[in-house]
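**Student:** One structure is given below, represented as structure tokens, and several questions about it will come after.
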Amino acid sequence: MNPKVLLTSKEIDIILHRLACQLIENHLDFSNTVLIGIQPRGKYLAKRIKTILEKEYNVSDVTLGYLDITFFRDDFRRNQKPLEANKTEIDFLVEDKKIVFIDDVLYTGRSIRAALTAIQSFGRPSEIELLVLIDRRFSRHLPIQPDYRGRQVDAFDQESVRVHWSEDGKDDCIFLEESNN
């Protein structure tokens, strides 16, 4: 099966602006809200959202961090190849803050479960929300749903959603393709 384009660069940009507006509606000045990109792929999306909030909507001082969940995953010992951890960059307090986890694709929910466990190492947030660009709604293994979603996608288990970012040297685009499993 040839990859099917789910979202073009222009569509991604429109969705990112919509997601930023939804965050503003719910968090206003962001004085008690922090954005946390889930490593590795949520980092690009979180940076983009922060940039849009600050430059397009004049929201000042948006706090942004990145959370590595590698060793909090329930399947990290099951992989055949060694895992490469990413860097956690949280240089602020999360105690009593509203946290918005940001990731590119919500699939089984296991990454988000790992993020919920990992963030406890940094304190106890008052509230946690989830923002995803793509929600594969029929693939959940855990009862986790996003608070903010860019696009809902129905895909079979043998299909994968690939998000390409310009930060990776590719054009922004999202594809649905046959998995290599």
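The values are calculated or read from the model by the stated rules, or taken from the named source; none is laboratory data. Quick caveat, the model's predicted, so the values are computed rather than measured. With ideal geometry, Cβ positions are generated from the backbone for all residues, glycine too; neighbour counts draw on all protein chains shown. Accessible surface is based on the protein model in full, side chains and every heavy atom, while ligands, DNA and RNA are left aside. Shrake-Rupley method; radii C 1.70, N 1.55, O 1.52, S 1.80 Å.
**Student:** Test of understanding: among R41, R73, which residue is within 23 Å of S160 (Cβ to Cβ), in contact (Cβ under 8 Å) with a residue 40 or more places away in the chain and out of contact with any helix residue (DSSP H, G or I) (no Cβ under 6 Å at 6 or more places or on another chain)?
**Tutor:** Of R41, R73, the one residue that is within 23 Å of S160 (Cβ to Cβ), in contact (Cβ under 8 Å) with a residue 40 or more places away in the chain and out of contact with any helix residue (DSSP H, G or I) (no Cβ under 6 Å at 6 or more places or on another chain) is R41.
**Student:** So, of the residues in region 141-181 that are open to solvent by 40 Å² or more (accessible area, probe 1.4 Å) and in a strand (DSSP E or B), which turns out to be nearest to C21 (Cα to Cα)?
**Tutor:** R149
**Student:** Next up: How many of the residues in region 57-73 are more than 16 Å from L28 (Cβ to Cβ) and open to solvent by 70 Å² or more (accessible area, probe 1.4 Å)? Working first, answer last.
**Tutor:** Pass one, region 57-73, residues more than 16 Å from L28 (Cβ to Cβ): 64-73.
After this cut, where a residue has to be open to solvent by 70 Å² or more (accessible area, probe 1.4 Å) as well, the list is 71-72.
Of the residues in region 57-73, 2 are more than 16 Å from L28 (Cβ to Cβ) and open to solvent by 70 Å² or more (accessible area, probe 1.4 Å).
**Student:** Does any residue of region 99-117 turn out to be aromatic (F, W, Y), in a loop (DSSP other than H, G, I, E, B) and crowded, with 16+ Cβ neighbours inside 10 Å?
**Tutor:** Yes: one or more hits.
**Student:** Okay, moving on. Return the residue satisfying two criteria in turn: it lies in region 101-115 and is touching a Phe, Trp or Tyr at 6+ places or on another chain (Cβ under 8 Å) and of a type outside the set (G, A, S), and of such residues it is farthest from D172 (Cα to Cα).
**Tutor:** My answer is I112.
**Student:** What about K43, is it among the basic types (K, R) and farther than 25 Å from A114 by Cβ?
**Tutor:** Taking the combined requirement at face value, the residue does not satisfy it.
**Student:** Quick one: A114 ticks every box in (1) touching a residue at least 60 places away in the same chain (Cβ under 8 Å); (2) in contact with a helix residue (DSSP H, G or I) (Cβ under 9 Å, 6 or more places away or on another chain) except a single one, so which number is it?
**Tutor:** Looking at each condition in turn, A114 falls short on (1).
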